[in-house]
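The values are calculated or read from the model by the stated rules, or taken from the named source; none is laboratory data. Quick caveat, the model's predicted, so the values are computed rather than measured. Reconstructed Cβ throughout: ideal geometry from the backbone, glycine too, with neighbour counts over all protein chains shown.
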Amino acid sequence: MTDLKFHRHRRLRQNATLRRMVRETILTADDFIYPVFAIEGENIKTEIPSMPGVYQFSLDRLVEEMAEVVDLGIPSVMIFGIPSEKDAVGTQAYHTHGIVQEATRVVKEHFPELMVIADTCLCEYTDHGHCGIVRDGDVVNDESLELLVKTAVSQVEAGADVIAPSNMMDGFVAAIRKGLDEAGYENIPIMSYAVKYASAFYGPFRDAADSTPQFGDRKTYQMDPANRLEALREAESDVEEGADFLMVKPGLSYLDVLRDLKNQFNLPLVTYNVSGEYAMVKAASQNGWIDEKAIVLELLTSMKRAGADLILTYHAKDAAKWLKEA
Ligand code: PBG
């Protein structure tokens, strides 16, 4: 054995203190954005069956949830709205008193420091469930942009701090940047869902937000999961158009893409640990098949290691609690 030459990598793993000293990725509550669902009505806190631990809240119940988020040190939330009325052009998405606008007002009134990110899309508000105006069975790009801009401006008027457009129309960042600037909101950042795949992992969210397309799918606007170079082209366009953050969605199956973007662009990078990823972890944990805490912290750490500066995750509250205990 004495003449064998090799490296002793285990030297740096000998004990917890050494491991702590050489740890490269540190997860903190600052990394999290917590997604919340606001629904019209009163005294509602309804658990989403496929997302245990995640609820739809009426505005009067939303405040207690936000207080918890703030107490845990989570700096930011993303608000999704479930309107009581839908129509072909998603009127409630850009209505002054739409559910997201009202939820934003309530949250900012109680917690001015909490960053409210608005998901800017139409699918929760259209009766057909697509992310824009539908003609001849497909979503028309440029006209849908106009509605998206109206939505963004109304969200900012209600107090949203950041606009996160997610409908994957071409030119959505350029259109929203121009619209916000013209309305005097040049300081509102755009967090672009730059790389959003047509993913089966959104299933539980569509139950939660009641936004499943009534016909067809989203494959003419969301990306093919098989493509990597296309992700770089999408991101490049959004950088040119003025995005302030780039997002890759979903997270878990797309860590390679996240790393590609991190290596290529200098903007803060976000990933969305989506509903289906959450549901899988929850289901296995509830069956006692996996150790939920260990799995969640490992997953979130891997996203950060892959390049995410921020992680949108339904696990945010639990993870923040566990990190405090550690
Ligand atoms: C679209 C949107 C979707 C999600 C958030 N915003 C997906 C979609 O149905 O295309 C999914 C998030 C999740 O699965 O957690 N506005």
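Residues of segment 254-283 being closer than 12 Å to I311 by Cα and outside any helix (DSSP H, G or I), which ones? Matches in segment 254-283: P268, L269, V270, T271, Y272, N273, V274. Number of residues in segment 71-116 that are surrounded by fewer than 16 Cβ atoms within 10 Å (Cβ to Cβ) and at pLDDT 95 or above equals 8. Looking across segment 282-301, the residues that are over 17 Å from the mean Cα position of the chain (by Cα), of a type outside the set (A, V, I, L, M, F, W, C) and crowded, with 16+ Cβ neighbours inside 10 Å come down to K282, S285, E292, K293. In segment 73-93, the count of residues that are among the charged types (D, E, K, R) and away from the ligand (no atom under 16 Å from the Cβ) is one or more.
Could you give every pair whose Cβ atoms fall below 9 Å, whose first residue belongs to segment 1-24 and is farther than 21 Å from R305 by Cβ, and whose second residue is assigned to a helix (DSSP H, G or I), counting only separations of at least 6 or pairs across chains? Pairs that qualify, where the first residue is farther than 21 Å from R305 by Cβ and the partner is assigned to a helix (DSSP H, G or I), are R11/L18. Among residues of segment 207-229 that are in a loop (DSSP other than H, G, I, E, B), those with a beta-carbon under 7 Å from a residue that is within 11 Å of the ligand (Cβ to nearest atom) and among the aromatic types (F, W, Y) at least six positions away or on a different chain give the pairs Q222/Y197; P225/Y197. Against the criterion of being β-branched (V, I, T), surrounded by 15 or more Cβ atoms within 10 Å (Cβ to Cβ) and within 13 Å of the ligand (Cβ to nearest atom), T151 qualifies. In this structure, does A308 turn out to be of a type in the set (G, A, S), within 23 Å of F205 (Cβ to Cβ), under 17 Å from the mean Cα position of the chain (by Cα) and not in a helix (DSSP H, G or I)? Yes, satisfied.
Only one entry of A235, A226, A208 meets the criterion of being among the hydrophobic types (A, V, I, L, M, F, W, C) and closer than 26 Å to I176 by Cα, and that entry is A235.
Within segment 187-199, being touching a residue at least 40 places away in the same chain (Cβ under 8 Å) and more than 10 Å from the ligand (Cβ to nearest atom) holds for P189, I190, M191, S192, A194, V195. For the structure I just gave you, tell me whether V173 is surrounded by 17 or more Cβ atoms within 10 Å (Cβ to Cβ) and more than 21 Å from Y254 (Cβ to Cβ). No.
So, V281, is that one hydrophobic (A, V, I, L, M, F, W, C) and within 20 Å of L232 (Cβ to Cβ) or not? Answer is no for this residue.
Considering (1) surrounded by fewer than 23 Cβ atoms within 10 Å (Cβ to Cβ); (2) farther than 25 Å from A209 by Cα; (3) in contact with a Leu (Cβ under 8 Å, 6 or more places away or on another chain), the lone condition that K317 does not fulfil carries the number (2). The number of residues in segment 209-239 that are within 10 Å of the ligand (Cβ to nearest atom), of a type in the set (S, T, N, Q) and surrounded by fewer than 14 Cβ atoms within 10 Å (Cβ to Cβ) comes to 1. Given the criteria among the basic types (K, R), within 16 Å of the ligand (Cβ to nearest atom) and surrounded by 15 or more Cβ atoms within 10 Å (Cβ to Cβ), does R206 qualify? Here the answer is yes, as R206 does meet what is asked.
Residues in segment 258-288 that are of a type in the set (A, V, I, L, M, F, W, C), within 15 Å of the ligand (Cβ to nearest atom) and in contact with a Ser or Thr (Cβ under 8 Å, 6 or more places away or on another chain): V274, A279.
Residues of segment 21-40 that are of a type outside the set (D, E) and either modelled with pLDDT under 95 or crowded, with 18+ Cβ neighbours inside 10 Å (or both): L27, A29, F32, I33, Y34, P35, V36, F37, A38, I39.
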